[in-house]
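Colleague: Below you will find the structure I want to go over with you.
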Amino acid sequence: MVLCRDEKSKAVQQAKLGGSRAALFVYAMEGLENMAFVSVAVSLVTYFNGYMNFGLTKSATTLTNFMGTAFLLPLFGGFLSDTYVSRFKTCVLFGCIELGGYLLLTLQAHFHTLRPRPCKGLNINNTNHCDVATVGQSAILYSGLYLVALGTSGVKAGLPSLGADQFDERDPKEAALLSSFFNWFIFSLTIGAAVGVTFVVWISDNIGWEWGFTVCSIALFFAIVFVCMGNSFYRHNVPKGSPILRILQVFVAAAMNWRLPTPDMTEELNELHDKEAGVETEMIQRTNQFRFLDKAAIAKSAQDVTSHTTGPWHMCTVTQVEETKILLRMLPIILSTVFMNTCLAQLQTFSVQQGVTMDTRLFGFHVPAPSLPVIPLLIMSILIPIYDRVFVPLARKLTGIPSGIRTLQRIGVGLVLSMISMAIAGVMETRRKSVAIKHHMVDSPDPLPMSFFWLGFQYAVFGAADMFTLVGLLEFFYEESSVGMKSLGTAISWCSLAFGYYGSSIVVEVVNKVSGGWLANNNLNRDKLNYFYWLLAGLSVVNFGVYVFCASWYRYKKVEVKQLAYEGEVGDVKEVNVNG
């Protein structure tokens, strides 16, 4: 087969794009965007409680609902990116929406009439007498918050896939760079978050919330500028239609063919032929799981296979069926990682409130309690380069896997570390309460004579857990997703965080009712937060057992890629088979 010169020139030009140079702009946007988002996420409990006069439990619940929404909405952004617009346009569009949310929060923080009168100077047990936010004030708050949630969701869906698209996973050299990309993507996320929870949180705490939100707005503006600067260097994806529609077609076709026997030979099922496949296509090999879906690809006659007179709602391809199977296999994996993120939510809510009750001085400098999450971020920023530059090359020589170890193994290590972190949190809270009792400060609003850096142990271990699990999830869902649903696959990986935060709100409510009020007081010194942490540690052990079962059952996809390769001056075709 001889390709026309235009196709050859276009493909050669496409091969020159992408790579590490293009990924730099992705790293820049991720660092700046996450600096803004995380600085808000870790300190909103303080803002709700101290400036919007929300109670402690309502503050924690409002934050977890906001975070849950921010990590659930990437499903919408991923669908939009795969179906209608490119990943680059998705990032720019949703970045502008997030910027609008920060500007609205800035206005509310600046104008006193847009928020209730601050509740200060009251005894810790009398905060119920504070002014309540009006309907209008609450509407402004929630509008700003959920514009931020919607905006960051689109960025989270499109940006990792945009960066990963710059590396060809079928090329052995670029496959190693692809694995490295996810490590450095999380590294840029970590550095941005570290700046956010220190510099931006300090500004909010000491200069004013309006200035903190202003810094977030400026960061988002430059994040959008940077990702736009890289436009001419990117390999842009072409939307391949709705992955949800393709999945629905498989279920409908399988239901319509339910009376037909499932063929044992793959050759008896429908698949794209070379002429129909186009310049480049990915053909996913048949698997034995969910065999009832194979009925969707049954060719009723030889004429059906060659002429394709039967519509996609009556007969699908093997690749389309396997695309659906991949999604079904992914669901138990994502669900078994949800509980880890329920534990993570506690470090951003109750652990921050623990820090507020403790001595936050460091060498005479007052450190805001919401800056505590900088500890796991620092741990991650140290471990990621070591993991990528030392561990992965050594493991790659032993296993032959580009990423060193399987992504599911990496996720499992993170789950083990997360349950250790919760156990440590229970021990630290027991010690903190004993200090309050010993110094007769149970009802005192003054800081306890105990450094808040004691909480650093639980944060540090969870930072290591996050380094393994978060990177592993992103890489797993990108690599395992089919070509036509990379953004949606990445979005699904963020859903673990979403359900974790939503689950946190439910867990807190259920524990309060069942336990008789472990977390019902507005005073942590009288709550049973240590019992709550130990309960989470025990449930994490059970969750890990479920994950091991799901990971053992999972089957990695195997693909055959038919790709055009140019040799010399002639447009020759070379078939490349890649088994993932």
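The values are calculated or read from the model by the stated rules, or taken from the named source; none is laboratory data. Just so it is clear, the model here is predicted, and its values are computed rather than measured. Here the Cβ positions follow ideal geometry from the backbone for every residue, glycine too, while neighbour counts run over all protein chains shown. We work out accessible area using only protein heavy atoms, side chains counted, and drop any ligands, DNA or RNA first. Shrake-Rupley method; radii C 1.70, N 1.55, O 1.52, S 1.80 Å.
Colleague: Which distance in nm do the two modelled labels at Val85 and Val542 give, with both placed 7 Å along the Cα-to-Cβ direction?
Modeller: So the label points at Val85 and Val542 sit 4.3 nm apart.
Colleague: Given a Förster distance of 25 Å, report the FRET efficiency between Val435 and Leu362 from their Cβ-Cβ distance, rounded to the nearest 0.05. Provide the component values of the computation, followed by the final result.
Modeller: Numbers: r = 18 Å, r/R0 = 0.73.
The computed FRET efficiency comes out at 0.85.
Colleague: Could you give the accessible area per residue of the range 69-111, probe 1.4 Å, as a whole number in Å²?
Modeller: Details: 1560 Å² over 43 residues.
Value for the range 69-111: 36 Å² per residue.
Colleague: Over 20 Å between Cα atoms: which of Lys325/Lys558; Lys89/Lys486; Lys173/Lys325; Lys397/Lys486; Lys156/Lys486 fall into that group? Walk me through the intermediate numbers first.
Modeller: Details: Lys325/Lys558 12 Å; Lys89/Lys486 15 Å; Lys173/Lys325 29 Å; Lys397/Lys486 28 Å; Lys156/Lys486 12 Å.
Table pairs above 20 Å Cα-Cα are Lys173/Lys325; Lys397/Lys486.
Colleague: Modelling each spin label as a point 7 Å along the Cα-to-Cβ direction, I'd like the Cys96/Ser20 distance in nm, to one decimal.
Modeller: 3.4 nm
Colleague: If you don't mind, another one. Under a crude label model (7 Å from the Cα following the beta-carbon direction), how far is Cys228 from Val442 in nanometres?
Modeller: With each label placed 7 Å out from Cα toward Cβ, I get 5.9 nm.
Colleague: Turning to a different aspect of this structure: Kindly express, to the nearest 10 degrees and within the range 0 to 90, the angle between helix 529-553's C-alpha long axis and the longest C-alpha principal axis of the chain.
Modeller: Approximately 10 degrees, to the nearest ten.
Colleague: Order the peptides 207-213, 283-289, 184-190 from the highest to the lowest mean number of other Cβ atoms within 10 Å of their residues.
Modeller: Those peptides, ordered most packed to least, come out 184-190, 207-213, 283-289.
Colleague: May I have the extent of the alpha carbons of the range 479-544 along their three principal axes, as whole Å values ordered from largest to smallest?
Modeller: Reported extents, whole Å, longest axis first: 53, 24, 19.
Colleague: While we're on this one: For helix 74-83, report the angle its Cα long axis makes with the longest principal axis of the Cα atoms of the chain; keep it between 0 and 90° and round to the nearest 10°.
Modeller: So the inclination is approximately 20 degrees.
Colleague: If we sort 31-40, 234-243, 400-409 on the protection proxy, mean other Cβ atoms within 10 Å, highest first, what's the order? Each step should come with its number before you reach the end.
Modeller: Working: 31-40: 27.2, 234-243: 16.0, 400-409: 18.1.
Highest-to-lowest ranking by the protection proxy: 31-40, 400-409, 234-243.
Colleague: Now, a different point. As a test question: what accessible area, to the nearest 10 Å², does Ser434 have when a 1.4 Å probe is rolled over all protein chains in place?
Modeller: About 60 Å², rounded to the nearest 10.
Colleague: Tell me which residues come under 5 Å, amide H to amide H, from Met283 once H is placed; ignore anything under 5 positions away on its chain.
Modeller: The list, which skips near neighbours in sequence, is Glu560, Val561, Lys562.
Colleague: Which cross-chain or sequence-distant (5 or more) residues have an amide H under 5 Å from the amide H of Arg235, H modelled 1.01 Å from N in plane?
Modeller: When sequence neighbours closer than 5 places are left aside, the close amide H contacts are Gly18.
Colleague: For a Förster distance of 60 Å, can you work out the FRET efficiency between the beta-carbons of Leu114 and Phe391, rounded to the nearest 0.05?
Modeller: 0.75
Colleague: Tell me the per residue accessible area of the range 426-549 using a 1.4 Å probe; a whole number in Å² is fine.
Modeller: Counting only protein heavy atoms, the per-residue value for the range 426-549 is 37 Å².
Colleague: Mind listing the long-range amide H neighbours of Met358? Cut-off is under 5 Å, sequence gap 5 or more, other chains count too, H placed in the peptide plane at 1.01 Å from N.
Modeller: Sorted by chain and number, the residues that satisfy this are Leu448.
Colleague: What FRET efficiency comes out for Phe457 versus Thr262 if R0 is 56 angstrom and r is the Cβ-Cβ distance? Round to the nearest 0.05.
Modeller: Values: r = 54 Å, r/R0 = 0.97.
After rounding, the FRET efficiency stands at 0.55.
Colleague: Sticking with this one: Specify the angular offset, from 0 to 90 degrees and rounded to the nearest 10, of the alpha carbon long axis of helix 209-229 from the longest principal axis of the alpha carbons in the chain.
Modeller: It is inclined by approximately 20 degrees.
Colleague: Take the alpha carbon atoms of the range 372-416, find their center, do the same for the range 151-198, and report the distance between the two centers in whole angstrom.
Modeller: Answer, in whole Å: 15.
Colleague: Another question, if that's okay. Determine the gain in length on full extension of the stretch Leu335-Phe76; use 0.36 nm per residue of separation and subtract their C-alpha separation, reporting nm with one decimal.
Modeller: Working it through step by step, the gained length comes to 91.4 nm.
Colleague: In addition: Within the set of other residues whose C-beta is less than 14 Å from the C-beta of Phe37, count the net charge using Lys and Arg as +1 and Asp and Glu as -1.
Modeller: Working: positive: Lys156; negative: Glu30, Glu33, Glu98.
For residues surrounding Phe37, the net value is -2.
Colleague: Quick check: the distance between the Cα centres of the range 429-486 and the range 212-255, to the nearest angstrom?
Modeller: After rounding, the separation between the Cα centres reads 30 Å.
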